[in-house]
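What follows is a single structure, written as structure tokens, with notes after it.
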Amino acid sequence: MLDLLSGFIIELRNAGLPVSLTENLDAMHAISHIPLEDREAFKYALGATLVKNNAHWRSFETVFEVYFSLRGPEYSITDGDGEGSIDDLLQQMQDAQMKGEGNGGAGGMDSLTPEELMNILMNALMNGDQALMRALARQAVQRFAGMEPGRPVGGTYYLYRTLRNLDLDGMLDKLMEASKKEVGGDLTKLEERLEKDEYNDRIEKFKQEVEAEIRRRLVADRGAEAMAKTLRKPLPEDVEFMHASRDEMQNLKKSLQPLTRKLAARLARKRRHGRKGPLDFRNTVRHSLAYGGVPAEPKFKYPRPAKPELIVIADISGSVAAFARFTLMLVYAISNQFSKVRAFVFIDGIDEVTEYFKKTEDISEAIHRINTEADVIWVDGHSDYGHAFEVFWDKYGKEINPKSTVLLLGDARNNYHASQAWVIKEIRQKARHVYWLNPEPRSYWNTGDSIVGEYGTHTDGVYECRNLRQLEAFVEKLA
Amino acid sequence: MDNRFESVQSVRDGLKDVNYLADDGIAGVVFLADRLGKPILVEGPAGTGKTQLAKSVAELIGAKLIRLQCYEGLDESKALYEWNYKKQLLRIQADRNSDAWSDIHDDIFGSEFLLTRPLLEAITSKEPVVLLIDEVDRVEVETEALLLEILSEYQVSIPELGTITATQIPLVFLTSNNTRELSEALKRRCLFLHVDYPQMEREKEIVLTKVPGVTEMLADQIARIVRSIRQIDLKKAPSVSETIDWARTLVLLGLDSVNAEQAKETLHVLLKYQSDIAKAAKELSDD
């Protein structure tokens, strides 16, 4: 047990979770108080002692699944193909047939046609039958994933194969149809929505079952350590903007909001508790009256650092769009830390989008409007930094003043157009600071058509902003 | 030290008796905190029952709840202890001529002249105590250090008096709304519990226990609608306490079931931003 646990903790550390020695000891203490059969309690005991940040919980869960998935009684790997569960399934299947759904003969799950399997699955989802869903997940994986021992493919590949065969999106529509029939007549909009959410929830659970099943099989095949390595996912703050999957994007979005709140609180605090200013003579004299004219209590002026004016110029072409979106969201979420924020977006043409943010309180709606309405295409819709900068300079150049800080976002992949780097030079002469944020790893800079170096020489600094952590650090420095 | 709880299940049942529906995680962590003698750091969105958990546990074990509300600028004279200067002054003046200075000196720094504040009170108390340090994320990082000694050793060091050690180890809850990252030192000393919005079934149970006169069907509908609303991208998702308020509203209106129209009219109980209300109303009626 001790070996297993220390392996588990090493894996957690590898996944990026900060687990200290005392926490390790606490975990050992904790599990001595918990009955080991109770898998849930065991998990929460480890979680409470080892994971001190909610954003890390998912990573913890994944590692936990890998290390301890084989240990629970109901999860033993053998009964996936063993007799017990088949009997169970047959029973379930007959139930399903009694309802007039399946019409195949008895003969075990393996002999079912895919259509029958789908019918049973639909029934299970309809009734929210947990046990049947788990059994079906097993069957589906066995049948569709085509897993081969020792094949060096990640779990996501098998997941994709299984789900593609199950067509769960179509399933949702069918479920909705069926529940309409059941009620007899149309559902009201509200009811329809609620039903849909319910089914979505169940389908989500089913997907998780499938995922867990694949994981279990892979662990059985390759061993926990090797498996944990392939499943290791970066923590939300370390996910790279440029390569985030859809799920990761969702998670990023979720973690962005608490992050901006924290950032705003921290910045406001910094502003208030900053260095004391010079002696406030008048105030000191006034307070000296309380001490009979002796200036016993010196008073200081509070420094009021000027809030910078921010101009964001962002490339929103495909490759870096996600990064631009996140930066804009972050900047606008803390916009009260700046005296003014103006936003420009470009691909090969440039357009001002400040208005979109002004009209609505909802940042994500503004971002959506940028994607759909902003006029950023000039010729062919391939990034042309040079032209965009030139137009910016012509149209808005005179509005840059010594108070403004200019932020340029993009990978500077210019498709071999003219760079027009003189614009940046001009801007820098007029503005307070010019910074460039690049979402690409530093080692890719200035390779291929990237000319970030050429622009970079005219800025006050080029920063690598691959993930939320780096972005946060930069914004804090800025405000 | 005696253990307060028998098993995880007993925590869960006990909490249920005092009208707090705990899930596995909550009950498990409370049980562990008792066994390990460690504080619990409860984190989560506002209105998910973090403070209520401490209150319910206090009620369950029949302990006194001592609460320290944190705020910016909290210092040790308000959290730990303070010398009663006025009384000390009086003491000195009362026998100005009789005592030698050394006597008075020893005398005025006795426990008689000590004003106890919540933290000291919690560890010196003879009766069982639950200590609740509320919204610990509001104090500055430097002030957090005040808590470290009491959280790990259950003792307070007063330079003039020496160290006061707890007579019995209190159950300690710290709550945080996560407006800033707490220091590693503090986190390391605590068990961590994240309380999130409950699953639909649990929320329904909560509504059923907390709102008298609500029908099963209405509670089910409420829980479903709230779950739908939480999936919309809102500024502030409805919390459990707001769900309960909404359920109470609907019961007061004498409804047995909600339709879209009624839901829309009472949305302002559930959501607190105008833009959120507009958005949710649109979602509920359109799709």
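Below are the figures for this structure:
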| item | result |
| --- | --- |
| Highest-fluctuation residue, B:ARG189, B:ARG180, B:ARG91 considered, GNM on chain B with Cα pairs under 10 Å | B:ARG91 |
| Once the Cα gyration tensor of the stretch A:355-479 is diagonalised, semi-axes √(5λ) in Å | 22, 19, 18 |
| Filtered chymotrypsin sites (Phe, Trp or Tyr not before Pro), the stretch A:328-421: DSSP coil and at most 12 other beta carbons within 10 Å | A:TYR416 |
| Equivalent ellipsoid dimensions for chain B as semi-axes, Å, which come from the Cα gyration tensor, largest first | 46, 21, 17 |
| Bins of 10 Å from zero: percent of alpha-carbon pairs in the protein assembly as shown | 2, 11, 17, 21, 21, 15, 8, 3, 1, 0, 0 |
| Packing-based exposure ordering (other Cβ within 10 Å, fewest first) of B:LEU270, A:LEU5 | A:LEU5, B:LEU270 |
| Kirkwood hydrodynamic radius over Cα pairs of the stretch B:95-226, then Stokes diffusion coefficient at 25 °C and 0.890 mPa s, in µm²/s | 129 |
| R0 of 60 Å, Cβ-Cβ distance A:LYS262-B:ASP95: FRET efficiency to nearest 0.05 | 0.60 |
| Cα centroid separation, the stretch A:404-452 to the stretch B:192-258 (Å) | 51 |
| ³J(HN,Hα), Karplus 6.51/-1.76/1.60, whole Hz, each residue of the stretch A:194-201, x for Gly, Pro | 5, 4, 4, 4, 4, 5, 4, 4 |
| Rg over Rh [alpha-carbon atoms, Kirkwood Rh] for the stretch B:1-140 | 1.15 |
| Equivalent ellipsoid semi-axes, the stretch B:33-82, via Cα gyration tensor eigenvalues times 5, rooted, Å | 22, 16, 12 |
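Each value in this text was obtained by applying a stated rule to the coordinates, not by laboratory testing. Just so you know, these numbers come straight off a predicted model, no measurement behind them. Positions of Cβ are generated from backbone atoms using ideal geometry, with glycine treated the same way; all protein chains shown enter the neighbour counts.
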